[in-house]
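This report refers to the structure that appears directly beneath it.
The values are calculated or read from the model by the stated rules, or taken from the named source; none is laboratory data. From a predicted model like this one, the values you see are computed outputs, not experimental measurements. Cβ atoms come from the backbone with ideal geometry, glycine included; neighbour counts cover every protein chain shown. The protein model used for the area step is the full one, side chains on, heavy atoms only, and it has no ligands, DNA or RNA in it. Shrake-Rupley method; radii C 1.70, N 1.55, O 1.52, S 1.80 Å.
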Amino acid sequence: MGRAFEYRKAAKLKRWGNMARTFTKIGKQISIAVKAGGPDPENNPALRTLVANAKATNMPKENVERAIKKASSKEGGADYKEIVYEGYGPFGIAIVVETATDNNTRTVANVRSYFNKHGGSLGTSGSLDFLFTRKCLFKIAKPEGLDLEELELELIDFEVDEVFEDEGENGTEIVMYGPFESFGKIQHYLEEKGFEIRIGEFERIPTDTKEVTEEQRATIEKLIDKFEEDDDVTNVFHNMKEPEE
């Protein structure tokens, strides 16, 4: 697949720009993971990964511990559910919006409103599945002396189809993409080998991208910004082709 995945980097950095909102969203995901698998990261792989993600975004350790404690308390905090919304933005751009919400009525009303006000429309669940492939993404710190080709060969057993180096804020990282269903197996392998996992998450890769003009891009990005400003939204994916560098 080459470096096609790189087009999401700018959007990802932009999304992490508002730290308070980022921490809120990670806190919700931690709550969901704790309620599903318990408060101990050692026995809860999903929570373990989220703790690593939180660290990568500079979320204070006390915020993470507070989110875990709140979710595992008798009161349990809010009951968040992960819900995916799909629709078309202006100019026929497919958009998938992932949310973590304790009030589906509020969230769906907001998502529908954003689509409608920006020349798009909310579709039915699963209507855009054919336009995206779900992948798992891992970023690990590059150990000294690592042989990248050797790592690639070992990851073949997990059907990993993309491995490359990238310069992160904290030095060189190894980025890898694999099948959605292989997340747990890849995480287990990386942990067993002693790699430092900095990010572990899921992404939706468009099977084909749609070309737009600069004016159209600006209009579509206004809609994407509205989604990303919403505290219930955790991820936004689209099939708009990124401009050539």
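Each Lys and Arg adds +1 at its Cβ and each Asp and Glu adds -1 at its Cβ; summed about the Cα centre, the chain shows a dipole of about 1440 debye.
What are the GluC sites (Glu not before Pro) within segment 159-189 that DSSP puts in a loop, where the Cβ has at most 14 other Cβ atoms within 10 Å?
Details: sites: Glu159, Glu162, Glu165, Glu167, Glu169, Glu173, Glu181; in loops: Glu159, Glu169.
Counting only loop positions with at most 14 other Cβ atoms within 10 Å, the GluC sites (Glu not before Pro) in segment 159-189 are Glu159, Glu169.
I need the calculated FRET efficiency for the pair Glu149 and Met19, taking r as the beta carbon distance and R₀ as 45 Å, to the nearest 0.05. List each step's numbers first, then the result.
Working: r = 37 Å, r/R0 = 0.82.
The value I calculate is 0.75.
Straight-line reach from Lys139: taking Cα to Cα under 22 Å and skipping same-chain neighbours fewer than 8 places apart, the lysines in range are Lys9, Lys12, Lys14, Lys25, Lys28, Lys55, Lys61, Lys185, Lys193.
How large is the convex hull of the C-alpha atoms of the chain per residue, in Å³?
Numbers: hull volume 32.1 nm³, N = 245.
Per-residue hull volume (Cα only) is 131 Å³.
A simple spin-label model places pseudo-atoms 7 Å from Cα toward Cβ; at Thr105 and Asn43 they are separated by 3.8 nm.
Report the percentage of all Cα-Cα pairs in segment 91-144 whose separation exceeds 14 Å, rounded to a whole percent.
On the way: 957 of 1431 pairs.
Looking at segment 91-144, the distances longer than 14 Å represent 67 percent of pairs.
Of the residues Leu50, Gly89, His118, the one whose Cα sits farthest toward the positive end of the charge dipole of segment 50-149, with +1 on the Cβ of Lys and Arg and -1 on the Cβ of Asp and Glu, is His118.
Among Gly37, Gly178, Gly120, the largest mean-square fluctuation in a Gaussian network model of the chain (Cα springs under 10 Å) belongs to Gly37.
Shown is the FRET efficiency for Glu196 and Val84, computed with R0 = 45 Å from the Cβ-Cβ distance and rounded to the nearest 0.05: 0.90.
In the chain, the DSSP-assigned H stretches of four residues or longer account for a calculated mean residue ellipticity at 222 nm of -12500 deg cm²/dmol, using -39500 (n - 2.57) per stretch and the full residue count as denominator.
Of the solvent-accessible surface of segment 38-94, computed with a 1.4 Å probe over protein heavy atoms with every protein chain present, carbon and sulfur atoms account for 53 percent.
Computed over the chain with a Gaussian network model linking Cα atoms closer than 10 Å, the most mobile of Gly77, Gly27, Gly89 is Gly77. 3J(HN,Hα) along segment 88-105, derived from phi through the Karplus expression 6.51 cos²θ - 1.76 cosθ + 1.60 where θ = phi - 60°, amounts to 10, x, x, 6, x, 7, 6, 9, 10, 10, 9, 10, 10, 9, 9, 8, 4, 4 Hz, with x in place of Gly and Pro.
Here is the tail figure for segment 28-72: Cα pairs spaced more than 18 Å apart come to 12 percent of all pairs.
Could you please report the charge total around Asn116, scoring K, R as +1 and D, E as -1 over all other residues with beta-carbon less than 14 angstrom from its beta-carbon? Charge balance near Asn116 sits at +4.
You can think of it this way: the chain between Thr133 and Lys185 has 16.9 nm of extra reach, that is 0.36 nm per residue less the Cα-Cα gap.
Extension gain for Lys55-Ser121 works out to 20.1 nm (0.36 nm per residue, less the C-alpha to C-alpha distance). Averaging the Cα positions of each part gives two centres, and for segment 34-82 and segment 183-219 these lie 21 Å apart. Could you work out the longest stretch of the chain that avoids the trypsin sites (Lys or Arg not before Pro) located in DSSP loops with at most 14 other Cβ atoms within 10 Å? No qualifying site falls inside 75-192, the longest such stretch.
The alpha-carbon positions of segment 49-168 define a convex hull whose volume is 191 Å³ per residue.
Within the listed set Met176, Met59, Met19, the residue fluctuating most in the Gaussian network model of the chain (springs between alpha-carbon atoms under 10 angstrom) is Met19.
Multiplying the residue separation of Asp157 and Lys222 by 0.36 nm and removing their Cα-Cα distance gives an extension gain of 19.3 nm.
A simple rule links phi to the HN-Hα coupling: the Karplus curve 6.51 cos²θ - 1.76 cosθ + 1.60 with θ = phi - 60°, which for segment 143-150 gives x, 5, x, 5, 9, 4, 5, 5 Hz, with x for Gly and Pro.
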